[in-house]
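The values are calculated or read from the model by the stated rules, or taken from the named source; none is laboratory data. Predicted, not measured: the structure shown is a model, and the values here were computed from it. Heads up, the Cβs are rebuilt from the backbone with ideal geometry, glycines too, and the neighbour counts pull from every protein chain shown.
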Amino acid sequence: MRHRPPRSSIRKRVTARPTVPSPWQTLAWRHYEEAQGEALRDPAIEAAAIAAGPDLATRIAARARAFCARESLDEALAAYARHGRQALVIAVVAGTAIGLGTARLIPEAAPARANVMDMLAALLAPNLLALLLWAVLQLAASLRGGGAAGSLLGQTLQQGLERLTRGLRARRDPRARAAQRAWFDYHAGTMAGRARLALLSHAFWLALALGAMLGCWWLLSLRQVDFYWGSTLLGPEAIGRLIEVLARPIAALGLPVPSATDVAASRLDAVANDPALRARWGWFLLGALAVFGVLPRVLALALCGALVRLGDRRYRPDLSQPGFFRLQPLLMPEPMHTRVLDPDEGAGRARPSVAVASLGQPPPAAAWVALERALPAPREALDLGTIVERGDQQRLLATLAQRPAWPALVIHAPLAATPDRGVAQFVASLVAAARCPLWLSIAIEDEDALPAAERAARIEDWRALGEKAGIAPARIVEARA
Amino acid sequence: MSTPRLFRVAVIGHTNAGKTSLLRTLLRDRAFGEVSSRPATTRHVEATTLDLGDGHLLELADTPGLEDSMGLLDALHAADPSPRASGAARLQAFLDGPLAQSSFAQEAKALRQLLASDLALYVVDAREPVLGKYRDEFAILASSGKPCLVVLNFTASPRAETARWREALHGAGIHNVTAFDTVVFDAADERRLWQQVGLLLPAAEATCARLLVRREQTRERERQQAARLIAEALVDCAALRVAIDAPGADLATRVRKREAALSRDLLALYRFAPQDYAGGELPLASATWTLDPFDAELLKELGFSLGTSAAKGAAAGALVDALTAFHSLGAATAIGGALGAGVDAVSRLVRRLREGGVDYAQIDAATARFIARRAVLLVRELSRRGHAAQTPLAARAELAAPLAGEAAIAKQLARAARHPGWSELGEDTDAEGDRDDCVQTLSTLLDAALVHELEG
């Protein structure tokens, strides 16, 4: 038997700060339970979850947190979270290395000359194109209601991990399996998950831009490079305007930038051996990397960080999924609105016990009277008809008052009729008025009209009625059609 | 908006007529009160409150049954023999007298509640013959001065004498009569009942109409949720693939367990308990899983997967091209595309080789369709079951009639069968493909089938 932890420890588990994002934990526990086929019950956890908040989503999350801790699912989730952190480190290291490698575009040979427009395109275009692609994918995902994995890198990572973890460990261990399924659900199906994957991608590109900037700064510090530009179609005015636009935010950072004269002096065919001009072009290049490479990624990282926090906080599970649907009655019990307005003072009174069935039979020439429903009397008997109305009752009582010479009076009671107090009252008045033996014959017309248990209870009630009215138990019989 | 107020409704009737049953079914609460075929089961006045919206509340009070109505009518006349006394004054005089505390204590509770209410719902067991004791009850109710709606219960029973009851009630001057079987639920009857309550309580007419709209919306929501639950279970069962030789891997047990869980979910959705359904064992046939390499749908999915992988590879290559300031002339894009498709194809091949020699069991298409049919029929029966019903529903062991749109449902089930990773029950964790899309499509198809079943 599983050791049950004390209540305080359950409360701690419910309110503890989750080691992995709460929605991921919630999804993992759902998958684990769905594989089990039913919601696991623990009254202490349920009570603590109900106390965690007024809404179902909060309660589901609190319950999942407590169960994940109790059933060691947190360990499987932590392993995935560790893989995520490792992937982040790899992305940063790879980004930095590629960035540093990109800086080797700075020429080495002396006299070194570099086309400034080529350099800008090579260092910034992939980064900006990828950012644009990410933004378009995000827009498309939000327009179609989610589902896209945030970025190409994210999507590729997701599928790569899926293939890698399709191994035996997940197959054998239901916890690992649930954690893995939840990983996919969280990262592909929630805003926070998609933003988390995008964080990975932005970290990679940020590292790449920083690596490129660092490498360029290092190489430009050690090498003397003459920057030039050349164009067949564009004149110096157009290039000058472009450089001016690009340089404006760089100048705002306080970095020296080339002027229109500098642009004119740096044309492919111009000869300008000016160290200050070289430095201005060098700072322009580094500034462009900072403003158009690093800054957008820092902003994107901040945006995704905020989306992760917001998404995790605002996550609402799909309550129509079976795993969550089953939790509604457990975590949102409907308060009982019923109240007793007029109590029964005789509450708890037991129904009287009755004697067992009699095997005797009333005399053949007895008088028979049916209650409420027309029932056939035996052929030799005197059929007094059916008591339906108040008048029928009064007529029979008047007849009895005249002391008819009947060998017996048989009250024929249909099983389908309810032996209520009104009937009991009438039977009691018959017992009082009759001067001949009274029998009660319980007519069981249709065996299947009532379920067996109800049939037995009804017979018992008729017997009790007869005995209470004063009919001897031996004269209460059952008659089957 | 009208001033919020509380409307009091007393549910009155002869003992065992189904007063508590009426409340159970109207409230969708099988736990309300106590229901049995024995007399005097309810011995106290128990009330519950329905929120009609806009602050309007409807209090429904269940009362002990009237048992000795002939004696009661006599006692009422004895309490105030004046021929000019009004019915309400006579009732009050009776309630203030000693008999209301002794012989007729049970009836007194019901009458006290009747006088405190705005409306009485008088419940009649329509299987009963129209007896004198009931005529006396009509007379007592009519004399109370309270508006009264007669609810004919158990009208779906072949023994019901609905026409005779209507005739007797009209003869007694009672024309507000409606049929509502508390065991065999009929939404149209419920609509008529609330409409009549609205007519008898003009101040509550608009709110009763809103309640009806809400009930209709709830029914629709329940039907859609039922379709979703069935779709999820079907995908779980159809996609489940179990290696035949794997230890502890029993296909039949897992599928039966999942079907039982589905039944429990559907019962809970319609506010019934597990004991309301005697779920028989699922007749199961399993088939050895074989992959038809020329299956059109499979080839389509394969082509889509390879195309997507190639596109991703090409996109990654394009970035490399950009890194070289496009001096590579698009070579990286071409190589990336080829690599993407190649990696996809090789990983599929490696997977097949790794699994080589292992036979898998999977339920066959007929079994999957059977589960769908049985679940849809269960929903149909639950939506027509009153919450007062005592006899459990029996599971169907044979189902011949196909569902509406079953061909399309079968197509989605075949789609699920190609993706073992979609089953929550199996060991596969392959999330490839779009399970949600399959569940969504199945839900829509099953919802249409449910609409057909419920309206048919």
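Miscellaneous remarks
- Restricting the range B:418-443 to residues that are of a type in the set (A, V, I, L, M, F, W, C) and modelled with pLDDT of 85 or more leaves a set whose member that is surrounded by the most Cβ atoms within 10 Å (Cβ to Cβ) is B:Leu442.
- Of the criteria (1) at pLDDT below 90; (2) within 14 Å of chain B (Cβ to nearest Cβ); (3) closer than 21 Å to A:Pro376 by Cα, which one A:Val423 fails: (1)
- One residue alone among B:Ala366, B:Ala372 is in a helix (DSSP H, G or I), closer than 23 Å to B:Asp447 by Cα and over 21 Å from the mean Cα position of the chain (by Cα), and that residue is B:Ala366.
- A:Pro364, sole failed condition from (1) more than 14 Å from chain B (Cβ to nearest Cβ); (2) touching a helix residue (DSSP H, G or I) at 6+ places or on another chain (Cβ under 9 Å): (2)
- Those helices (runs of 4 or more DSSP H) lying entirely in the range B:27-146 with at least 2 residues touching a Phe, Trp or Tyr at 6+ places or on another chain (Cβ under 9 Å) and surrounded by 22 or more Cβ atoms within 10 Å (Cβ to Cβ): B:69-79, B:105-115, B:132-143
- Positions within the range B:97-110 being more than 11 Å from every other protein chain (Cβ to nearest Cβ) and farther than 14 Å from B:Gly71 by Cα, in sequence order: B:Gly97, B:Pro98
- Condition met for A:Ala456 (within 14 Å of chain B (Cβ to nearest Cβ), within 60 Å of the chain's Cα centre (by Cα) and outside any helix (DSSP H, G or I)): no
- Selection from the range B:147-172 of residues that are more than 14 Å from chain A (Cβ to nearest Cβ) and in a loop (DSSP other than H, G, I, E, B): B:Pro147, B:Thr155, B:Ala156
- Qualifying positions in the range A:296-315 - exposed (fewer than 13 other Cβ atoms within 10 Å of the Cβ) and aliphatic (A, V, I, L, M): A:Leu299, A:Ala302, A:Ala306
- Within the range B:433-456, tally of residues that are outside any helix (DSSP H, G or I) and small (Gly, Ala, Ser): 2
- Applying the criterion of at least 2 residues that are in contact (Cβ under 8 Å) with a residue 40 or more places away in the chain, among the hydrophobic types (A, V, I, L, M, F, W, C) and touching a helix residue (DSSP H, G or I) at 6+ places or on another chain (Cβ under 9 Å) to the helices (runs of 4 or more DSSP H) found wholly in the range A:268-347 leaves A:275-288, A:295-314, A:328-331.
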